[in-house]
1. Out of (1) at pLDDT 90 or above; (2) surrounded by 10 or more Cβ atoms within 10 Å (Cβ to Cβ), what's the single condition that is false for Leu15?
2. Inside region 43-59, can you point out the residues that are surrounded by fewer than 12 Cβ atoms within 10 Å (Cβ to Cβ), of a type outside the set (Asp, Glu) and over 19 Å from Glu9 (Cβ atoms)?
3. Is it true that Glu29 is in contact (Cβ under 8 Å) with a residue 24 or more places away in the chain and either in contact with a Gly (Cβ under 9 Å, 6 or more places away or on another chain) or charged (D, E, K, R) (or both)?
4. Looking at (1) out of contact with any helix residue (DSSP H, G or I) (no Cβ under 8 Å at 6 or more places or on another chain); (2) modelled with pLDDT of 90 or more, which is the only condition Trp6 fails?
5. Which pairs have Cβ atoms under 7 Å, sit 6 or more apart or on different chains, and link a residue in region 1-22 that is closer than 17 Å to Val42 by Cα to one that is polar (S, T, N, Q) and surrounded by 14 or more Cβ atoms within 10 Å (Cβ to Cβ)?
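The values are calculated or read from the model by the stated rules, or taken from the named source; none is laboratory data. Quantities reported herein were computed from a predicted structural model and do not represent experimental measurements. For neighbour counting, all protein chains shown are included, and Cβ atoms are generated from backbone atoms with ideal geometry for every residue, glycine included.
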Amino acid sequence: MAPADWVLELLRCPLTGEPLTPVTVQGQEFLTTAAGVRYPVVDGVPVLLVDAAVQPGDRP
């Protein structure tokens, strides 16, 4: 379950400061940047920790 639209407007990538967009990869919800850095959404809560980020080319 992705966060509400009003929440997405407030969230930014902790690495780049870019806005985040919800995506689903292999059935798992993520918030992603334009550069492709993905952050998992666990039980509807975005985990915006650099250590939890999935870099482009990594698998979820």
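1. All conditions pass for Leu15, except number (1).
2. Listed by number, the residues that qualify are Leu49, Val50, Gln55, Pro56, Gly57, Arg59.
3. It is true that Glu29 is in contact (Cβ under 8 Å) with a residue 24 or more places away in the chain and either in contact with a Gly (Cβ under 9 Å, 6 or more places away or on another chain) or charged (D, E, K, R) (or both).
4. (2)
5. So the pair list comes out as Cys13/Thr33; Leu20/Thr32; Leu20/Thr33; Thr21/Thr32.
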